[in-house]
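*Asks:* Structure below; questions to follow.
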Amino acid sequence: MAGQIARPMNIKEIAAKAQDFEFNQFIAMKYWLRTADTLLREAHIYEQEENDQQAYLLLMRYAALVAEKLPLHPSAKDPEYRKGIKDLNKTLPGVLDALTALKPRITARYDAWERALERRRDASMALSYERSRAESQTEFPAASDPAVAGNTTTLAAAENSELAVKLAHKEIRRRDAARRGPRQVGVSEEEEHERRTAGIWDDWEAALSKDSSTQDEDEVRRNMEASRRRMDGAHDIVPDGVRSRNTRPRPLPIVPRSGTQYRYPSINRSQPYSYGETPESRNISQVPEYTPPTPPPKERFQDQMGDVPPPRPEKAVPALPPAEAASPKAPPTFTFRPSAYLENGEPLRTVFLPQGIRQEFLKYAEPNTRRNLETCGMLCGTLISNALFISQVVIPDQKSTSDTCETTDDAAFFGYCEKEDLLQLGWIHTHPTQSCFMSSVDLHTHCAYQMMMKESIAIVCAPSKNPSWGVFRLTDPPGKQAVAKCRNTGLFHPHSEDNIYTDALKPGHVFEADGMEFSVVDLRT
Ligand SMILES: [Zn+2]
Ligand SMILES: [Zn+2]
């Protein structure tokens, strides 16, 4: 059987996408430093999950932000940011090495896809030249989301939230153990690496075999097994996440963290330097396939259709040659598909929000609420298999009024995130007496967060009103752009657009996850 051959992305396409981001100099430097940090953390996770395309995109974007954009910011020379910028610059050689290591893997996979397509066309041509030509024009539109392009084993969050929660618990615990536990005596570096990066698929299967009582889980398992059989049999390209452990070079550690300090990757001396220079003298102009910015893609329709072509009826074509790269027992991991799209067509990854997290936060906020004072908390969590899981509300030091709430010790909060390896995925705050809406000040605060991460959400709790809560994001466009260019700092001021923000809860990209563990951490002093 011919099977499906999903189209991966090539280096040029990923590089063009990496350049496609907006650098707004009116957003405070502290947010851009956080953005850079977030990009690098995300890249590291995708890289460990062997999602090469998305890791490459984020590293390219990081390199462009740090090397080209940040120096243009009006606060770039301020003494208070000097150390932060210097620390980011120190990571660049390691990032360039990681890009260099990823590039041949992405290229090999794309080339294999092209060869497979060629063979398939040749085979089809023997039967029907015309049909083959028609197929070639419509079957493989350009992929646009490197996180899932070319991957046939993607899962929809909506149908799999129970399993997603199980997966998240196991993976969060595994990462915690890996982060906290020093290397054991007698465990080699290689073995330790295997332990650290192994096993999302293994965890998935283990979770299913221990508890597969519900019908949903059985169904998902059947789907996953069917996907795997297709991978084993009919595919002759390797999607991201196929773990061919024996043949694949060990991934580079991009930014291993230790305490609150960056630790920079050691440079592999045995690797030839392609430009005949020392690593110290290399600079950003040598990022592989660095291309000038391109206009935003107009791919909305295609994005909505997804990157994986729909199933097609089986055709009588001659058998394909044996698989080239996929080792027969290499189990694929899986990737969550994006669950919603921005107004500009960009995919939004799913955000899983633990049920009950809001009520728990309200308990901490209650003394303030009684005195008609707002309370705010940061929604923190992590990235697993292309989905975002909120696992903590961190309440930083703050000063508040009846209509505002401002954090006062960002360094302590960032230090905590660094130590716990947390990503900031949004924020939550109370309106003690007002209704549930985004005030002008809320919109400006959230704009910075949404610049940092497009999936970032704002939860507003209005315990005395109905509705008593909402999950929001700015529209993009026009909301994000309108707020970003607004210079008005007043508490309540109008913006030029009507539809400045929108609901983000399902059918948006946020799903309430029943049974998802969470905690509230109060950093207030
Ligand atoms: Zn508010
Ligand atoms: Zn404004």
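*Asks:* Less than 21 Å apart at the alpha-carbon level, and either on another chain or at least 8 residues along: which lysines does that give for LYS363?
*Replies:* By straight Cα distance, LYS363 reaches LYS399, LYS465.
*Asks:* Check which residues have an amide H placed less than 5 Å from LEU425's amide H, if you skip close sequence neighbours.
*Replies:* The answer is LEU379, CYS380, GLY381.
*Asks:* Ordering TYR110, TYR501 from largest to smallest accessible area (1.4 angstrom probe), what's the sequence?
*Replies:* Sorted by accessible area, descending: TYR501, TYR110.
*Asks:* Here's something else I'd like to know. Hey, what's region 347-522 come to in accessible area per residue, 1.4 Å probe, Å²?
*Replies:* 37 Å²
*Asks:* Take the alpha carbon atoms of region 446-525, find their center, do the same for region 63-132, and report the distance between the two centers in whole angstrom.
*Replies:* 31 Å
*Asks:* Sticking with this one: Collect residues whose amide H, placed 1.01 Å from N in the peptide plane, falls under 5 Å from the amide H of ILE395; neighbours closer than 5 in sequence don't count.
*Replies:* So ILE395 has HN proximity to MET378, VAL521, ASP522, LEU523.
*Asks:* Sorted from largest down, what three extents in whole angstroms do the Cα atoms of region 365-437 have along their principal axes?
*Replies:* 40, 25, 17
*Asks:* May I pose another question? Please report the accessible area of LYS419 (heavy atoms, 1.4 Å probe, ligands and nucleic acids excluded) in Å², nearest 10.
*Replies:* 110 Å²
*Asks:* Solvent-accessible area of ARG180, probe 1.4 Å, all protein chains present, reported in Å² to the nearest ten, please.
*Replies:* Only protein atoms counted, so the area is about 140 Å².
*Asks:* To continue, here is another question. Here are some pairs, LYS12/LYS166; LYS170/LYS419; LYS17/LYS83; which of them have Cα atoms lying more than 31 Å apart in this structure?
*Replies:* LYS12/LYS166
*Asks:* Semi-axes of region 347-522's equivalent ellipsoid from the Cα gyration tensor, sqrt of 5 times each eigenvalue, largest first, rounded to whole Å?
*Replies:* Equivalent-ellipsoid dimensions as semi-axes: 22, 20, 16 Å.
*Asks:* Over the heavy atoms of CYS461, what accessible area does a 1.4 Å probe trace out, to the nearest 10 Å²?
*Replies:* 0 Å²
*Asks:* Would you list PHE389, PHE414, PHE26 from the most to the least accessible area, probe 1.4 Å?
*Replies:* The ranking, largest first, comes out as PHE26, PHE414, PHE389.
*Asks:* Within region 347-522, what whole-number % of the accessible surface is contributed by carbon and sulfur, with the 1.4 Å probe and all protein chains included in the calculation?
*Replies:* Ligands and nucleic acids excluded, carbon and sulfur reach 49 percent.
The values are calculated or read from the model by the stated rules, or taken from the named source; none is laboratory data. Only a predicted model underlies this, so the values are computations on that prediction, with no experimental measurement involved. With ligands, DNA and RNA removed, areas are computed over all heavy atoms of the protein, side chains included. Shrake-Rupley method; radii C 1.70, N 1.55, O 1.52, S 1.80 Å.
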